[in-house]
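Notes for the one structure printed next.
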Amino acid sequence: MEKTDILSLDLAEMEDILAGLGEKKFRAKQVFQWLHVKRVLDFDKMTDISIQLRSTLKEKFCINGLFMQKKLESAIDNTVKYLYRLSDGNFVETVLMEYSYGYSICVSTQVGCKMGCNFCASAIAGYVRSLAPSEILLQIYETERDSGKKVSGVVLMGIGEPLDNFDNVMKFLNLLSHKDGNDMSLRHVSLSTCGIVPRIYELADKKLQLTLSVSLHCADNEGRSAIMPVNRKYDLSSLIEACRYYIDTTGRRVTFEYAVIDGVNSSAADADKLAKLLRGMNCHVNLIPVNKVRERNYHTARSGVTEFASQLGRRGINATVRRTLGSDIEAACGQLRRDADKQSKQNGGADT
């Protein structure tokens, strides 16, 4: 019999299951807090629960785990990049970032990505599967355990498209913010999407108060479709309409991510198009120097990003340049995973 991933269960689900086993409701809360507050990885460590219940839990459930495969620490800014191996042998990446206000973590939501954005390393090794809620959550738990740092903010901007794993991501957010668990305010969470329009509407209607970050990267359909295949299905007009709905429904500002690519989307004409597209919206533009990716030929001069920000400012658009973190530790999402997959295949699938 296949065991149930108990870390992916919310408290209500746990209450129902344990009630079906003849246990009182408060037992579910005890187990939930052992998992999400004390963060034990072994049912036998749940010492205020009877031996009989612990035995039942071991029989019916498993506690999912992540295994650190590689850890890179920046000598420049204390950024730490983790490569985690999942229980099925696949790999995901997680990044711990230090800011003046505390520590933020960038988590992956899928093994690989289907979206195929031309400047991104995440899809190069191919899409395998979506992550379970527990596998997203464990990136936080294991990184805090290893680093000894308390994470105060979460960014769903690692490998994968969060809105392509919608149900599991929503469950992850419920677990992350539950008052009897990690109890993180979702105002400290940012979710990044390349623009899956129907899911933006669904997310807006949930009114979770998280920050929606939309990967825009070009302000006309022809240019965006050339570098972001998703635009061929959900064009700019439908995307911007969905973003306006999100702003109106939640009262939250939307952040537009814009990777400034020399010779692609960095001209004065591009600034004109972007200003026209976003004028009147409660939004912020986050300009990103493109990370160097071995298989891609895109590049960004830092001075070009700064100049593009100035051009937007002159056109009345609030824009800032994202601080580059971990530039000395293979910062582009997907590169560590891709290298690990190659190594694993060379070793015949054995752990490296």
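Every number in this text was worked out from the coordinates using simple rules, so none of it is lab data. Just so it is clear, the model here is predicted, and its values are computed rather than measured. Every residue, glycine among them, receives a Cβ derived from its backbone with ideal geometry; neighbour counts consider all protein chains shown.
Computed from Cα atoms, the angle from the helix 11-20 axis to the main principal axis of the chain rounds to 30 degrees.
For the pair E241 and R279, the difference between a 0.36 nm per residue extended length and the Cα-Cα distance amounts to 12.4 nm.
Each listed q (0.09, 0.11, 0.14 Å⁻¹) maps to a log10 I(q)/I(0) for the chain, found by the Debye formula over equal Cα scatterers with no solvent: -0.52, -0.77, -1.18.
Could you tell me which chymotrypsin sites (Phe, Trp or Tyr not before Pro) in the stretch 47-151 are loop residues by DSSP with no more than 10 other beta carbons within 10 angstrom of their beta carbon? Please list the in-between numbers first.
Values: sites: F61, F67, Y82, Y84, F91, Y99, Y101, Y103, F119, Y127, Y141; in loops: Y101, F119, Y127.
Of the chymotrypsin sites (Phe, Trp or Tyr not before Pro), the ones in loops of the stretch 47-151 whose Cβ has at most 10 other Cβ atoms within 10 Å are Y101.
Straight-line cross-link reach from K29 at under 16 Å between alpha-carbon atoms covers these aspartates and glutamates, not counting any fewer than eight positions away in the same chain: D10, E13, E15, D16, D48, D180, D183. When the listed pairs K38/K60; K171/K273; K58/K81 are checked against a 28 Å cut-off, the alpha-carbon distance exceeds it for K171/K273; K58/K81. The smallest convex shape that holds all Cα atoms of the stretch 60-180, its convex hull, gives 130 Å³ per residue.
With axes computed from alpha carbons, what is the tilt in degrees of helix 166-177 against the longest principal axis of the chain, rounded to the nearest 10 within 0 to 90? Between the helix axis and the principal axis of the chain, the angle is about 70 degrees.
Rounded, prolate or oblate, given the Cα gyration tensor of the stretch 18-59, with a/c below 1.5 counting as rounded? The shape class here is oblate.
Determine the dipole magnitude for the stretch 113-226: charges of +1 sit on the beta-carbon of Lys and Arg, -1 on that of Asp and Glu, nothing else is charged, the reference point is the Cα centre, and the result goes in debye to the nearest 20.
180
What the Cα convex hull of the stretch 124-258 gives, in volume per residue, is 121 Å³.
Under a model in which nothing but the beta-carbon of Lys, Arg (+1) and Asp, Glu (-1) is charged, the stretch 64-157 shows a dipole of about 140 debye around its Cα centre. In the stretch 1-113, a dipole from Cβ-located charges (positive for Lys and Arg, negative for Asp and Glu) runs towards its positive end, and of S108, Q33, L72 it is Q33 whose Cα lies farthest in that direction. Angle, helix 133-147 long axis vs. longest principal axis of the chain, Cα atoms, 0 to 90°, nearest 10? On a 0 to 90 degree scale, this one is about 90. Using only Cα coordinates, the Kirkwood hydrodynamic radius of the stretch 13-105 works out to 15.9 Å.
In a simple Cβ point-charge model (Lys, Arg +1; Asp, Glu -1; nothing else charged), the stretch 1-135 has a dipole of about 160 debye relative to its Cα centre. Coordinate range of the alpha-carbon atoms in the stretch 183-315 per principal axis, descending: 40, 33, 29 Å. Give me the net charge for the shell around S87: Cβ to Cβ below 10 angstrom, other residues only, Lys and Arg +1, Asp and Glu -1. It works out to a net charge of -2. The modelled label-to-label distance for the pair D44/D10, using points 7 Å beyond Cα in the direction of Cβ, is 3.4 nm.
Considering only the Cα atoms of the stretch 190-236, their convex hull presents on average a projected area of 3.2 nm². In sequence order, the stretch 93-107 has phi-based couplings of 10, 9, 10, 9, 10, 9, 10, 5, 8, x, 10, 10, 10, 9, 10 Hz under the Karplus curve 6.51 cos²θ - 1.76 cosθ + 1.60, θ = phi - 60°, and Gly or Pro positions carry x. Within the listed set G313, G263, G116, the residue fluctuating most in the Gaussian network model of the chain (springs between alpha-carbon atoms under 10 angstrom) is G263.
Its Cα gyration tensor gives the stretch 112-152 an equivalent ellipsoid, and the semi-axes of that ellipsoid, as √(5λ) in whole Å with the largest first, are 27, 13, 8. Projecting the Cα atoms of G223, L312, L176 onto the charge dipole of the chain (Cβ charges, centred on the Cα centre) puts L312 farthest toward the positive pole.
Once C-alpha pairs closer than 8 Å and six or more residues apart are averaged by separation and normalised to the residue number of the chain, the relative contact order reads 15 percent.
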